[in-house]
1. Any residue in segment B:179-189 that is touching a residue at least 12 places away in the same chain (Cβ under 8 Å), of a type in the set (A, V, I, L, M, F, W, C) and closer than 22 Å to A:Asp30 by Cα?
2. Being out of contact with any Gly (no Cβ under 8 Å at 6 or more places or on another chain), facing chain A (nearest Cβ under 8 Å) and open to solvent by less than 60 Å² (accessible area, probe 1.4 Å) narrows it down to one of B:Leu116, B:Leu133, B:Leu58, B:Leu99, so name that one.
3. Of all residues being in contact (Cβ under 8 Å) with a residue 60 or more places away in the chain and more than 18 Å from the chain's Cα centre (by Cα) in segment A:211-240, which is farthest from A:Asp187 (Cα to Cα)? Just the residue, please.
4. Checking B:Arg226 against (1) within 14 Å of chain A (Cβ to nearest Cβ); (2) open to solvent by less than 60 Å² (accessible area, probe 1.4 Å), only one condition comes out false. Which one?
5. Would you please name the residue that is farthest from the other protein chains (Cβ to nearest Cβ), looking only at residues in segment A:30-86 that are open to solvent by less than 100 Å² (accessible area, probe 1.4 Å) and among the acidic types (Asp, Glu)?
6. Would you check if there is a residue in segment A:157-178 being assigned by TED's automatic domain parsing to the domain that holds A:Lys249, farther than 19 Å from A:Ala237 by Cα, buried (at least 21 other Cβ atoms within 10 Å of the Cβ) and in contact (Cβ under 8 Å) with a residue 24 or more places away in the chain?
7. Which of the residues that make up segment A:253-292 are loosely packed, with under 15 Cβ neighbours inside 10 Å and within 14 Å of chain B (Cβ to nearest Cβ)?
8. Output the residue which, of all residues in segment B:61-83 that are of a type in the set (A, V, I, L, M, F, W, C), within 11 Å of chain A (Cβ to nearest Cβ) and in contact with a Leu (Cβ under 6 Å, 6 or more places away or on another chain), is farthest from B:Gly21 (Cα to Cα).
Amino acid sequence: MPVPAEVAPARTNGSAARDDVLDRELAGLDALELATVRRRSRWARLWAATWPKLAAVALGLAIWQVVVWSGWKRESLLPGPQAVFSELWASIQDGTLPEATARTMDLAVRGYLLSVLLGTIVGALVARNRILRSAVGSLITGIQTMPSVAWVPWAILLFGLSDGAIFFVIVLGTVPAVANGLITGTDQIPPVLLRAGRVLGARGWRSLRYVVLPASLPGFVGGLKQGWAFAWRSLMAGEIIVTVAGEPKLGFLLQNNRTLRDSAGVMAVMLVILGIGILVDALVFANLERLVARRWGLTGPAN
Amino acid sequence: MTTSTAEAAVTLDGVSKVYGGGRSAVAALDRIDLAVAPGELVCVVGASGCGKTTLLNLIAGLDEPTAGRLEVAGRPALMFQEAALFPWLTVAGNVDVALKLRRVPRAERRARVDELLATVRLSDFARRRPHELSGGMRQRVAMARAFAQDADVLLMDEPFGALDAMTRDVLHDELERLWRARGLTVVFVTHNVREAARLADRIVVLTSRPGTVSATVPVPIDRPRRIESPEVSDLAGEVTGLLRQEVRRHAGAR
């Protein structure tokens, strides 16, 4: 855009002329100051995001195979990738793995959703109320530091060897993470936004709806993501200990294969557990976080 | 320039603000008297700690005076040093939310948002988000949002302090144009004396700790003004002299 070579125009008293000059200056400043955003093509971005993960998987497999070849443990104890994958395929084909996975996921999703509901309520109450916050806030964080597996014996005493015990462990592990996410989210709201809201007339519940809730969303989403990680871990800890033979879940398969000294089987189930954890995190939560961060303008221009 | 309190847009009569109590009480403002006529542009200048922001918070209704009488025509709009736009909304959304909070019906809102964005010359950027804009543009959106409140009184707390000189200069012209066009009453707080001399009908000088009105300097310079003109410079010099006198007083008082 060529810059016209002109001296500063004489400021006449005619306001129309002044307005034109001012408009030009504003438009010029806007054009100069706007950052130009270069977006790579969709495929380029997809590849850039994907290839490091593929490389990591390849690297993992390579290291695994090398360890097996080194003979550190007998191959019956530490089978290589090929043996494990064929075992994995076999148990998919005969239906044991899909069934167990479905039961595990059912428990995971129900436990997680209930925890999100409870965690949001607890978080909302604590965030708003200063007395509750000092009393309950550190209690929540304290509960969160408890390793999930340590809850299991008590859960068994309370609920017997049942799904209820596992549910209990999931909820205890996940609720603090979700609640803390909401609390942190509201704490990190820049105070000037709240003032701006008040000046516009947003007080009380309207402030909550128009300012506080949207502003706290990034922190809350972080809590949801962390909550899922806790839920999955708690679930596994519960399933491994609370083994109910009739309707096997993944944890039961793990233990069962161990009892049968089926190393390939154990490792196959481990791969499934790892895979589900990674997939849910990458497909659901990473995208959710990215979406929120982009909308809220928290990322740099590199996207 | 005296204004009878009956017609003033903003009246402060012996307003004081004290924080805390007993021995640890801090007087931010002490017996401020100020009357701003409708359509006047008053600049409040002072060194740090003079309670300029507290003064605006009181006028805006964000806080209550501990003594004295404060009267404002309507609910004022307030602009801060940072635009304080909601990052999860677009430019248009930010202006729209101000109308939503005033319960303006949806059909009317669309047209009003377009009109307000056109006023600040940002119609092309309606769908952008605040983080994509420069500081000056964000402040213009904040201006549009403030105008959306349809207030007669506009309070501004060093709104151009974080901007570069060129943008500031252009926005001074812009503010002056909008102030005239909309017949607003403006109370503009700044520590930049030149800016005050460029913009104000009169300048109110506040002392520090506690804040009191130490002087009121009328600015009889014809508009349109230029910040580098000799009249503006001279007046700025005069006010700066008063401020430095005030600062020296504090050294003696220790």
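The values are calculated or read from the model by the stated rules, or taken from the named source; none is laboratory data. No experiment lies behind these values; they were computed from the predicted model shown. Backbone-built Cβ (ideal geometry, glycine too); neighbour counts: all protein chains shown. Just the protein is used for accessible areas: all its heavy atoms, side chains included, with ligands, DNA and RNA removed. Shrake-Rupley method; radii C 1.70, N 1.55, O 1.52, S 1.80 Å.
1. Yes; the residues of segment B:179-189 include at least one that is touching a residue at least 12 places away in the same chain (Cβ under 8 Å), of a type in the set (A, V, I, L, M, F, W, C) and closer than 22 Å to A:Asp30 by Cα.
2. Within the list B:Leu116, B:Leu133, B:Leu58, B:Leu99, the selection yields B:Leu133.
3. A:Glu239
4. B:Arg226 satisfies all of (1) within 14 Å of chain A (Cβ to nearest Cβ); (2) open to solvent by less than 60 Å² (accessible area, probe 1.4 Å) except (2).
5. My answer is A:Asp30.
6. Initially, segment A:157-178 is screened for residues assigned by TED's automatic domain parsing to the domain that holds A:Lys249, giving A:157-178.
Okay, now just the ones that are also farther than 19 Å from A:Ala237 by Cα, so A:178.
If we keep only those that are buried (at least 21 other Cβ atoms within 10 Å of the Cβ) too, we end up with A:178.
Next, from what is left, pick out any that are in contact (Cβ under 8 Å) with a residue 24 or more places away in the chain: A:178.
Within segment A:157-178, one or more residues are assigned by TED's automatic domain parsing to the domain that holds A:Lys249, farther than 19 Å from A:Ala237 by Cα, buried (at least 21 other Cβ atoms within 10 Å of the Cβ) and in contact (Cβ under 8 Å) with a residue 24 or more places away in the chain.
7. A:Leu291 - this is the single residue of segment A:253-292 that is loosely packed, with under 15 Cβ neighbours inside 10 Å and within 14 Å of chain B (Cβ to nearest Cβ).
8. Here is the first cut: in segment B:61-83, the residues of a type in the set (A, V, I, L, M, F, W, C) are B:62, B:67, B:70, B:72-73, B:77-80, B:83.
With within 11 Å of chain A (Cβ to nearest Cβ) added as a condition, the list becomes B:62, B:77-80, B:83.
From what is left, the residues that are in contact with a Leu (Cβ under 6 Å, 6 or more places away or on another chain) are B:77-78.
Working: B:Ala77: 30, B:Leu78: 28 Å.
My answer is B:Ala77.
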